[in-house]
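Inspection log for the structure reproduced underneath, given as structure tokens.
Computed from the coordinates by the stated procedures, all read-outs in this text should not be read as laboratory data. For clarity, every value in this text was computed on a predicted model and none was experimentally measured. Cβ sites come from the backbone with ideal geometry, for glycine too, and all protein chains shown count toward neighbours.
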Amino acid sequence: MQLRDLHRQYLAMKAEIDSAMLATVDSAAFIMGNAVAELERQLAEYVGVKHCITCANCTDALRLALTTWNIGAGDAVFVPDFTFFASAEAVALRGATPIFVDVCRNYYNIDAEDLVVKINYVESQTDLHPAAVIAVDLFGMPADYAAIKPLCKAHNLLLLEDGAQGFGGSYDGSKACSFGDIAATSFFPAKPLGCYGDGGALFTDNDEWAETLRSLCLHGRGKEKYDNVRIGINSRLDTVQAAVLQVKMRHFDEELAAVNRIAQSYSTLLGGRVSLPEVPATAVSSWAQYTIRSDNRDLLKARLHEAGIPSAVYYPRTMSLQRAFAPVMKYQRPCPVAEELSRSVLSLPMHPYLTDDEIELIATTI
């Protein structure tokens, strides 16, 4: 699409957002205003689950889910080795041990075959109790839940879907954030559905867990404001962010279609030049990132910078190589694909308002 049309679309949405933010300011309902509850209803309906509980950010959401399940010291939680730090950080914050699992080279998500290997290792060779799997929908692509869910059931593991980058994607006709026993997502501005600050949400069909999650978000509140029945945290989505997200939800499917068109253009123009991200026929990505692979990644990134084209490396270091996890390294086993990806991945500009000329310039430069 050309610049004039995209600019018109952007200005129309901006006017809606400005109006919604001003209405929130005028109402002075900055915390727990009506827009929050209405957004939760809309998000739950979109994803196709019974409950949505908004919170301050996705890191909180992951930790709240693990807290609801009473996961802690002595428990092992299986996490992909190639992901953002928060996926495993939430495990460590609960006192549990993250066990890093290798990922698929073409899809970047957790490898079900290596997950079996790591589960068997923990069960037979360690003193840890296997408790849960965190499957990350990396770069907008849902994980392989057709393989992961049966494994969790067979080994009596809870499944936490980290959909921080995945909201809007789908797998076999079901939306991202509907696959886990509990799922989490992020509304950080760079995410597929981003607000104007930090924000997150949890999704579940379990009534008891939903009640506990709401309580934990509000200092462990019971039926009344000053009735605290458990130790919780202060993790709320403010009303201004909810108002912004309500407007963005009205345009979300249109933006989702746009990023998928852009991804197809990239793939057509770049085919045979670099290794491209893949999406199975049964899945739809929300393209939080369009991430290619190249043996000459650092040189390519430098040349793009010289041409005034931004790019980024997500992620230059695997989880198992993070110094923060040195205390649990005795439990880790190799993840060679994750290490290979950390040396070769490069994410290109990706958002719904890229023009055809910009896409062609990026591809031609590469």
Built amide H within the under 5 Å cut-off of N228, gap 5+: G222
Using distinct alpha-carbon pairs, which all enter the 1/r mean, Kirkwood radius of the stretch 138-284 in Å: 17.4 Å
Across K153/K175; K149/K301; K14/K175; K118/K301; K50/K223, pairs whose alpha-carbon gap is larger than 32 Å: K149/K301; K118/K301
Ordering of 146-153, 324-331, 159-166, 54-61 by packing [mean C-beta count within 10 Å, highest first]: 159-166, 54-61, 146-153, 324-331
Neighbour-limited loop hits for chymotrypsin sites (Phe, Trp or Tyr not before Pro), the stretch 30-73 (at most 11 other Cβ within 10 Å; DSSP other than H, G, I, E, B): F30
As computed over the stretch 81-159, the Cα convex hull volume per residue (Å³): 86 Å³
The stretch 75-219: relative contact order as a whole-number percent, Cα under 8 Å and 6+ apart: 16 percent
Efficiency of FRET from Cβ geometry, R273 and H7, R₀ 30 Å, rounded to 0.05: 0.50
Relative packing of 167-173, 297-303, 225-231, which averages over residues the other C-beta atoms within 10 Å, highest first: 167-173, 297-303, 225-231
Convex hull projection area averaged over all views, the stretch 116-163, Cα basis, nm²: 3.5 nm²
Distance from the stretch 140-197 to the stretch 207-236 (C-alpha centre basis), Å: 24 Å
Translational D in µm²/s for the stretch 215-282 (Stokes-Einstein at 25 °C, 0.890 mPa s, Kirkwood Rh from C-alpha pairs): 150 µm²/s
Cα pair distances exceeding 33 angstrom across the chain, given as percent: 30 percent
Per-residue [θ]222 nm for the chain (sum of -39500 (n - 2.57) over DSSP H runs n ≥ 4, rounded to 500): -13500 deg cm²/dmol
Kirkwood Rh, Cα atoms: Rg over Rh of the stretch 252-365: 1.03
Likely footprinting exposure, V337, V313, fewest C-beta neighbours within 10 Å first: V313, V337
Mean separation of Cα contacts under 8 Å, 6 or more apart, over the residue count of the stretch 3-248: relative contact order %: 26 percent
Label point distance in nm, K330-S19, each placed 7 Å from Cα along Cα→Cβ: 6.3 nm
